[in-house]
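Presented below is the structure to which this report refers.
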Amino acid sequence: MVDLFFYGTLRFVPLLELVLGRGGDDLDVVQAGLPGHAVFAVKDQIFPMIAADPDHVAQGVLVRGLSQGDLAALNYYEGGFDYTLKPISVTLSSGELAQAEVYFPTEGLWQQDGFWDLDAWVADWGALTLRAAEEVMSYQDRVSAEAMTRCFPSVRRRADAWLTAQSRPEDPAHDLARDVVVHQHKRAFVNFFAMEEMDLQFRRYDGSLSPVVNRAAALVGRASVVLPYDPIRDQVLLVEQFRAATFIAGEKQPWMWEPVAGLIDPGETPEQAACREAMEEAGVAISRLEPVTHAYPSSGASGEFIHIFVGLTDLSDINGGGGVAGEHEDLRSEILGFEQLMQGIDDHSYQDMPLVTAALWLSRHRDRLRAEVS
């Protein structure tokens, strides 16, 4: 049996119980502190780190009597964050000392960013971390901790997208607790994208439940799409890049002309993502975003939810672009007049649905946009 001291996110009991797969009275948890240490936020991350600090006591919880199975689950979850277990001595609330182990980060791996506050973290990131941990732990014994580490950014985007979807209004015509019955939920594949399956029944229009059916969905998260438009010059900017998905599907022309697009990071608004991607991919600064729509582009197969904008910009001032090399992006851009764009729409030259949607919206609102800057 092993006794562990938790100072960071695993002090959040719902997260600890999720990772261990058990909780309540089954866990022996007491408050404790580690003298000579403090808990710090990590720059550009949503989890904390512990470091030596002679003037502070790192507050946390001591969990006693953990099994080897518990330790395997914790090592899987914490292993992805590059932490290692080290023996320490903690002080209990009674004043007595207790021996335990604690996960310390690899030295020099993270940069401190002020003291960390558990309550603030729970308010900002608790729900997202729970959802992300649920996906992560479902792959224990199937995907290595090292491989899962590479998936963490994508896992968090999917968790953020799920929470956002859950926050939208319920369908007044359907009670999901009554009208959808899930018999089995399987997380089948994880990488940059994920594939999830369910065996389920749904309420049919005659009032009966359907037979049990197996359905799957490709999940990626939320994305922002922005078509840069210069209303003074009456021009748009498109980007072209290789799309592996269309190639895998058998497409003979997998280099696609599209608007600027990218995934929305947790804590980022669709508008912020649209402006960021416009600069990264096309080197253009968006002065104003016009919302086109937000929707599921392929609701029969994918859970991706996209926000489409037309972004007003000055296309005579382009600085950079081309994508993020670290993400293996390789893009080129082209500026074309509105009439040339619409001719391409009429000729069915474009195969990207968000581009077609944004172009048709622009055709309805172009006169207003141009009048506003004349």
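Here are the numbers for this structure:
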item	result
Only listed residue being among the acidic types (Asp, Glu) and within 19 Å of the chain's Cα centre (by Cα), chosen from Glu196, Glu258	Glu196
From Glu277, Glu339, residue being surrounded by 14 or more Cβ atoms within 10 Å (Cβ to Cβ) and modelled with pLDDT of 95 or more	Glu277
Pair list, Cβ under 7 Å, 6 or more apart: region 187-200 residue closer than 14 Å to Arg142 by Cβ, other residue of a type in the set (Asp, Glu) and in a strand (DSSP E or B)	Arg187/Glu196; Ala188/Glu196; Ala188/Glu197
Failed criterion for Phe247 (all others in (1) among the hydrophobic types (A, V, I, L, M, F, W, C); (2) out of contact with any Gly (no Cβ under 8 Å at 6 or more places or on another chain); (3) not in a helix (DSSP H, G or I) hold)	(3)
Residue ID - surrounded by the most Cβ atoms within 10 Å (Cβ to Cβ), chosen from residues in region 195-240 that are part of a strand (DSSP E or B) and among the acidic types (Asp, Glu)	Asp230
Test set (1) in contact with a Pro (Cβ under 9 Å, 6 or more places away or on another chain); (2) among the small types (Gly, Ala, Ser); (3) not in a strand (DSSP E or B) - Ala261 fails condition number	(3)
Identity of the residue in region 76-92, under 26 Å from the mean Cα position of the chain (by Cα) and of a type in the set (D, E, K, R), that ends up most open to solvent (accessible area, probe 1.4 Å)	Asp82
Test: residue in region 111-121 that is assigned to a helix (DSSP H, G or I), small (Gly, Ala, Ser) and in contact with a Gly (Cβ under 7 Å, 6 or more places away or on another chain)	no
Pick from region 162-183, criterion open to solvent by 100 Å² or more (accessible area, probe 1.4 Å) and not in a helix (DSSP H, G or I), ranking: nearest to Met137 (Cα to Cα)	His183
Top-ranked residue in region 26-44 [being assigned to a strand (DSSP E or B) and under 32 Å from the mean Cα position of the chain (by Cα); ranked as nearest to Phe152 (Cα to Cα)]	Val42
Pairs where the first residue, in region 288-304, is open to solvent by 40 Å² or more (accessible area, probe 1.4 Å) and the second is in a loop (DSSP other than H, G, I, E, B) and among the aromatic types (Phe, Trp, Tyr), C-beta under 8 Å, 6+ apart	Glu304/Tyr296
Residue count, region 45-62 (criterion: part of a strand (DSSP E or B) and surrounded by 14 or more Cβ atoms within 10 Å (Cβ to Cβ))	12
Residue among Gly95, Gly65 that is modelled with pLDDT of 90 or more, on the phi > 0 side of the Ramachandran plot and open to solvent by less than 70 Å² (accessible area, probe 1.4 Å)	Gly65
Any hit, region 6-25, residues being in a strand (DSSP E or B) and buried (at least 17 other Cβ atoms within 10 Å of the Cβ)	yes
Lone qualifier among Ala100, Ala73 - being closer than 20 Å to Ala133 by Cα and open to solvent by less than 70 Å² (accessible area, probe 1.4 Å)	Ala73
The one condition in (1) surrounded by fewer than 12 Cβ atoms within 10 Å (Cβ to Cβ); (2) under 24 Å from Ser154 (Cβ atoms); (3) at pLDDT 95 or above that Ala371 fails to fulfil	(2)
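The values are calculated or read from the model by the stated rules, or taken from the named source; none is laboratory data. All of these numbers come straight from a predicted model, not from anything done at the bench. Counting neighbours? That spans all protein chains shown, and the Cβs are built from the backbone with ideal geometry, glycine included. Surface accessibility is based on the protein's heavy atoms, side chains included, excluding ligands, DNA and RNA. Shrake-Rupley method; radii C 1.70, N 1.55, O 1.52, S 1.80 Å.
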